[in-house]
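Participant: The structure follows.
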Amino acid sequence: MKRIPSFLAIALAMALVSCGGGQRNGNQSANHQDTLDAMRPILPDSLLIHPGLSVGGIRLMEADTTLVERYGTPAYSDAAMGKAVLLWYTDTSNGQPNTLSVFVTRDMGNDETARVRRIRITSPLFETAKAIRTGSALPEINAAYAVELRESYETEGVAYSVYDGADGIAFELDPTNRCVAIIVRAKEDTTANYLPLRGIR
């Protein structure tokens with residue numbers, strides 16, 4: 001049985017508390033979107049996706065050693081030539097194990113610390129401030145972020161597409177145009193490709 005990392009257990013507890021405090025907006029004069037926003041519970045930062053910055057408690061450019069100290073030994077890791085992918089299982093909220101994976105690199109000769117360059121999450125418990133999460137459809141994503149098709153790939157006979165934009169966030173979509181994973185990267189990292197992370201389920 002896969003162990004849920006302590007960081008997610010804490011995040012889930014915080015989310016349950018915050019959900020209990022959600023209030024419906026009774027102001028009929030507010031427009032429909034304002035009403036929906038007011039009805040949504042405030043998500044704790046431990047479950048928020050911040051484009052170009054962080055996913056939950058993991059921030060871009062932090063050292064990989066701090067992740068291991070906080071979350072324990074990764075369930076999967078693959079390292080070579082100053083680059084590595086680290087993966088933890090988080091929860092089974094959608095009926096299958098969800099993953100949190102990070103891509104780290106070293107600036108060889110300048111900074112020997114392996115630092116987080118990309119963060120990928122598959123759990124629908126995490127979402128952006130614009131209410132986008134895994135499971136969101138492409139029209140919803142397009143309404144929240146300006147993205148375009150950047151890559152496509154195939155895993156086990158299934159075709160996936162990666163949509164990316166200028167906000168430092170990318171979305172992996174399945175053949176039905178539903179989001180199956182969200183990736184956060186630095187906004188200035190315009191040459192980013194997701195080969196190291198894509199296809200890891």
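The values are calculated or read from the model by the stated rules, or taken from the named source; none is laboratory data. Everything quoted here is computed from the prediction, not taken from an experiment. Reconstructed Cβ throughout: ideal geometry from the backbone, glycine too, with neighbour counts over all protein chains shown. The area values use the complete protein model at the heavy-atom level, side chains included, leaving out ligands, DNA and RNA. Shrake-Rupley method; radii C 1.70, N 1.55, O 1.52, S 1.80 Å.
Participant: Do any strands (runs of 3 or more DSSP E) lying entirely in the range 94-164 carry at least 3 residues that are of a type in the set (A, V, I, L, M) and closer than 24 Å to Thr66 by Cα, and which ones are they?
Facilitator: It comes to 99-107, 111-121.
Participant: Identify all residues within the range 134-161 that are surrounded by 21 or more Cβ atoms within 10 Å (Cβ to Cβ) and closer than 21 Å to Pro97 by Cα; write none if there are none.
Facilitator: Scanning the range 134-161 gives Thr134, Ser136.
Participant: Given the conditions (1) touching a helix residue (DSSP H, G or I) at 6+ places or on another chain (Cβ under 9 Å); (2) at pLDDT 85 or above; (3) within 16 Å of Ile132 (Cβ to Cβ), which single one is not true for Leu43?
Facilitator: (2)
Participant: Report every pair of residues separated by at least 6 positions or lying on different chains whose Cβ atoms are under 6 Å apart, first residue within the range 147-174 and touching a residue at least 60 places away in the same chain (Cβ under 8 Å), second open to solvent by 40 Å² or more (accessible area, probe 1.4 Å).
Facilitator: Hits for this filter: Gly168/Lys187.
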